[in-house]
Structures are given as structure tokens and as C-alpha cells.
1. Taking only the range 219-229 into account, find how many residues are part of a loop (DSSP other than H, G, I, E, B) and either at pLDDT 85 or above or on the phi > 0 side of the Ramachandran plot (or both).
2. Hey, any hits in the range 292-306 for a residue that's part of a loop (DSSP other than H, G, I, E, B), exposed (fewer than 13 other Cβ atoms within 10 Å of the Cβ) and not small (Gly, Ala, Ser)?
3. Can you pull out every residue in the range 318-346 that is in contact with a Cys (Cβ under 7 Å, 6 or more places away or on another chain) and in contact (Cβ under 8 Å) with a residue 12 or more places away in the chain?
4. Could you pull out every one of the helices (runs of 4 or more DSSP H) wholly within the range 77-165 that has 1 or more residues that are surrounded by 20 or more Cβ atoms within 10 Å (Cβ to Cβ), among the charged types (D, E, K, R) and within 16 Å of ligand 1 (Cβ to nearest atom)?
5. I need every pair where a residue in the range 104-121 that is under 16 Å from Met215 (Cβ atoms) has its Cβ under 8 Å from the Cβ of a residue that is in a loop (DSSP other than H, G, I, E, B) and within 8 Å of ligand 2 (Cβ to nearest atom), sequence separation at least 6 or different chains.
6. Only residues that are assigned to a helix (DSSP H, G or I) and touching a Cys at 6+ places or on another chain (Cβ under 9 Å): list them for the range 21-37, please.
7. Scanning the range 45-65 for residues that are at pLDDT 95 or above and in a strand (DSSP E or B), which turns out surrounded by the most Cβ atoms within 10 Å (Cβ to Cβ)?
8. Of the residues that sit in the range 71-92 and are over 23 Å from Asp48 (Cα atoms) and hydrophobic (A, V, I, L, M, F, W, C), which one is nearest to ligand 2 (Cβ to nearest atom)?
Amino acid sequence: MPCLPCGWRRQCPDTAEVRACGGLASSKGNGLFATRSLVEDELLFEEDPVCGMAMLMFDDAASGRFCQHCLVLLREDSETVSCLQECGASYCSHACRDAAKWAYHDVLCPVANPRWGEYVERARECGNEYYVLAARALASLRNCTPADDGEMWTRTPWFGYAAPPWWQTMKRPIYDTDDESDGDSASQPQDLDSEDNASLDRFFQSAVRTQTSEMAEELAAILANSDSVWSSLLAGPQASEALGRLMGLVRVNSMAIQSQTGGDSGDDVELAKGMAIYPVTSAMNHDAESNCYVASNPSEPQRCYVRTRRAVAAGEELCIDYLSGAPYSDEQRCDILQHQYGIPST
Ligand SMILES: [Zn+2]
Ligand SMILES: [Zn+2]
């Protein structure tokens, strides 16, 4: 099997280990630490996503034909392998088809399970890819035997990953009405007093919860036949809690990835955007002055390479800049870090 056990287990390279951040940093949860001193520009490790936990954004997926598992562009002349149930999903190789099938696709195939097609359509209408990745994670549980005791969530293979319920981390979108053409626009957010804002926030959070619980109900029906041991995770009122925490997990642990869609080299290359969850890389905390960075190659979209930016002492925490290279202002950076990752502004 391609990724065992389930791929969520964090198998670190011998240069680093995942452990709890101590002292004043303990609120950060786990982090990745150097187990020996490292030199500048050292390749610490490379890794592939947790099996099945990589996808392109809905809009970008439509911009070309990609392997549904490793997201590589399927060129006109390349040989492809199709889903045996003929749903139209194509893969670059038998290995990718088998890996996707093992992780989730034999239950989450729109031909085998038409309700899955409807679920994806709803996720697309919500503009929310997290619903798909969370569903794949839940589907993959049929490959796992739960740990011996504890409540169901603590027995999942992703227990140990940060997973705040996502309605707690979601911020109500504030639409930017601040463009020059209508300078006197009537409803600027700052015109609302704090009580209005708080009440809009509550309304937004409850709308997110309602949507999550509807999706959870649908997902429970989709996965009903696939397994028994884990079914209580998606039963009754617990279901929206489980899906909500998984959505939170995807939100705080996923990394941006890119796949090449066209062009051959240099500035001509067109890119499709996506996201993936990596077992070890996703344990790394953010630091604006990070000592490591993540490199990737759009012609090999799912693999990531973690390298040092400078020399690192043994025992030092290894961090990356979550927003490296992103075209945000300082203010936007603070906002995203605080609201997506729960990192207080400094
Ligand atoms: Zn592939
Ligand atoms: Zn299929």
C-alpha cells in the first residue's frame, strides 16, 4: 500500500523531531525541532501529502486535465489511467489510481455513489474545497483500526494535528467596498458600531455551523455503507462537531501548492493553485523571520522540500513563513495569521 498507516503518522527525518513547544511558547502546541546542528541551505527532508489529501482549487482544476492524485498536468500525448468505475477521473499512472482508490475513491466516486457528486457540487457552490478534503479524510478511516480507548476523535490517525472547530477560526468576510469609483459607498464596515459587528459575527458563525451540519448529515449518508467501527464519529449531533474540527484541521494545516498547466519555461509557465496536507511540514510553526523554507517544483506538484535558510543550532525550533512570497501588506499578513492560524499579532 502506498501510504501506511493511513499516511497521517509523522515519520520525521533523523535531523528533526516533532514535540510540544515548551515554556512561553506552549500555546503554540507542537512544533518541529532540530535534533542536530544544521548548515545553511541544507535539505532537511522532502515529503508527499497524506495519501489523498491534495487537490486543486475548484476553478483551477477546470483549467486543464490533471492527475486526480498527484495533480500533475496530463498532457495531450501522455498515457493516462481512468477510474475503473468510469466516473471520468484520470490519473498519470496505475500507482496514482490505486493510491486514490485506497485512500477514498472507491467510496467517494460519483458513479459508485451519486450522492458524492451532489456533495462536491454543494462544496463548489459554497466555494469551499475544505469540505472535499475533510470528506476524504473521513473516508480513509475505513483503512484504519482505531486506537484502543478514548473518545472517537482521539482515536483518529490525525489526533495530534491542530484542529480548532472551524467556525471558531472563521472570520466574517468584510467585502471591500473601498474602491475609487464609489468613494461614498453607504455601508462601510466601520460605520457599524461594535454591537452591530458582534451580532453580524454571531450570525455568520451560526450560518457556518448550520452549513457544516447539513454537509455532515449528507456525508454520514454517503459513508454509511463504507464502515462500521468509525460510524459513531459521524452519527447524530457529534457529526457536525467532527466535520467542523476536520475543516479546522484542513484550514490550519494545509499548505499552498501549484501545478504547471501550460507554458514551457520561465515566465511562460502558467500555474494552477491547490492545497495539500503534509505530515511533518504541517507541524512546523510560523515565523516571519523563519530559519527554514519550503521549496517545490510545479512539474512535480505534490512533493515539498524543506530546506534551511541559515545555519541552525541543535534543539532550535524549525519554522517557516506561512505567507512567504504572498503579495500581502503587513496589515493583511497580521489579519490572515490571526484569523486563519490563530497567531496573535506582534
Ligand atoms: Zn499521478
Ligand atoms: Zn471514479
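The values are calculated or read from the model by the stated rules, or taken from the named source; none is laboratory data. Keep in mind that this is a model prediction, so the values were computed, not measured. Here Cβ is always computed from backbone atoms with ideal geometry, including for glycine, and neighbour counts include all displayed protein chains.
1. Residues that pass the stated criteria total 1.
2. Within the range 292-306, the subset part of a loop (DSSP other than H, G, I, E, B) is 297-303.
Checking the rest, the ones that are also exposed (fewer than 13 other Cβ atoms within 10 Å of the Cβ) come to 297, 299.
Remaining after also requiring not small (Gly, Ala, Ser): 297.
Yes - at least one qualifying residue is present in the range 292-306.
3. Leu318, Cys319, Ile320
4. 94-100, 130-140
5. What qualifies is Trp116/Cys109; Trp116/Pro110; Gly117/Pro110; Val120/Pro110.
6. Ser27, Lys28
7. Only one residue tops the list, namely Ala54.
8. The first filter runs over the range 71-92 and keeps only residues over 23 Å from Asp48 (Cα atoms), leaving 76-77, 84-88.
Next, only the ones that are hydrophobic (A, V, I, L, M, F, W, C) stay: 84, 87.
Details: Leu84: 8, Cys87: 3 Å.
For the range 71-92, the residue satisfying everything is Cys87.
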